[in-house]
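Below: one structure, written as structure tokens.
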Amino acid sequence: MQFFEKIPSKIDNMPKLIATLLKKLEVVSFKEDEILDIRLCLEEAIINAIKHGNRMNPDLFVEVQMNVSDQELCIQIRNEGEGFDFKELPNPTIDKNLTKPSGRGVFLIKKLMDEVEFFDKGRGIKMVKFLNKEAGNEHKTGKTRR
Amino acid sequence: MNIKQEKQDDKIIFTLDGEINISTSPQLRKAFNATIEDGLKKVLVDFSGVSYIDSSGLATFIEILQRLKKAGGRLHLSNMNEKVKNVFEITKLIKLFNIYDNNQEAITNF
């Protein structure tokens, strides 16, 4: 199954897109709590793309591509902003950052998805959730894994 | 998001019903800020009707906690379902917040 959508950078556009993406996932055998994790990651990544990537500029778009195979769900979200240095993201769980209100979106995504990588100078994020965890363990890559 | 408020002596209990996300967080922030401005310092938030929280929801609670602390107040959270509590756990925010299994326990510990 493949899905592609492009939305202008407005938060108001997000709920309908999320609903569409989750509807597409109904055919996949994820557990209910995994669907909630995927939903959280989708929302965090799309909000980041709109707010931090495209800086809420409605003339810039956010692209969402979703592919489902027998082995995995792969979601790529890309914005049209300037990108960012994804290697310099602060750890929000260390004491000095714990009281900072922001900076937890990517951290949550990394914790809840099986593989996460950035591309196109940080404009894009690729998130993978394995349908069969054992199959996922066969792929030893250098990417961020849970 | 439905927000019910109940004053009990020197405490206020917020019972939340719905999702805490980027769309509902401003409503929540407004309700909490009004409480702080009213001078109520013991705030309990009952999460029993909360099915979902995202990072903007977490940010709202961190802001409220900081405002309350500055005003000499306390914030207790209770009745989280497993999924919501897991978000607080993986972000290590359980170290920052006082989280209780039920309202009675949360009230006793004020």
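The values are calculated or read from the model by the stated rules, or taken from the named source; none is laboratory data. Bear in mind the structure is a predicted one, so any value in this text is a computation, not a measurement. Cβ atoms come from the backbone with ideal geometry, glycine included; neighbour counts cover every protein chain shown. Each accessible area value is taken on the protein alone, full model and side chains, heavy atoms only, with ligands, DNA and RNA left out. Shrake-Rupley method; radii C 1.70, N 1.55, O 1.52, S 1.80 Å.
Table for the structure above
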{"quantity": "Only listed residue being buried (at least 16 other Cβ atoms within 10 Å of the Cβ) and within 14 Å of chain B (Cβ to nearest Cβ), chosen from A:Glu63, A:Glu115, A:Glu32, A:Glu43", "calculated": "A:Glu43"}
{"quantity": "Members of the range B:77-88 found to be more than 10 Å from every other protein chain (Cβ to nearest Cβ) and either open to solvent by 40 Å² or more (accessible area, probe 1.4 Å) or touching a Pro at 6+ places or on another chain (Cβ under 7 Å) (or both), listed by number", "calculated": "B:Asn79, B:Asn81, B:Lys85"}
{"quantity": "Those residues of the range B:19-41 which are closer than 16 Å to B:Leu58 by Cα, small (Gly, Ala, Ser) and open to solvent by less than 50 Å² (accessible area, probe 1.4 Å), in sequence order", "calculated": "B:Ser25, B:Ala31"}
{"quantity": "Some residue of the range B:55-67 being surrounded by 16 or more Cβ atoms within 10 Å (Cβ to Cβ), away from chain A (no Cβ under 14 Å) and more than 30 Å from A:Asn13 (Cβ to Cβ)", "calculated": "no"}
{"quantity": "Selected residue (criterion: farthest from B:Ile62 (Cα to Cα)) from residues of the range B:73-107 that are among the basic types (Lys, Arg) and in a helix (DSSP H, G or I)", "calculated": "B:Lys83"}
{"quantity": "Candidate set from the range B:9-18 (those that are crowded, with 17+ Cβ neighbours inside 10 Å and without any contact (Cβ under 8 Å) to a residue 60 or more places away in the chain); member that is farthest from the chain's Cα centre (by Cα)", "calculated": "B:Ile12"}
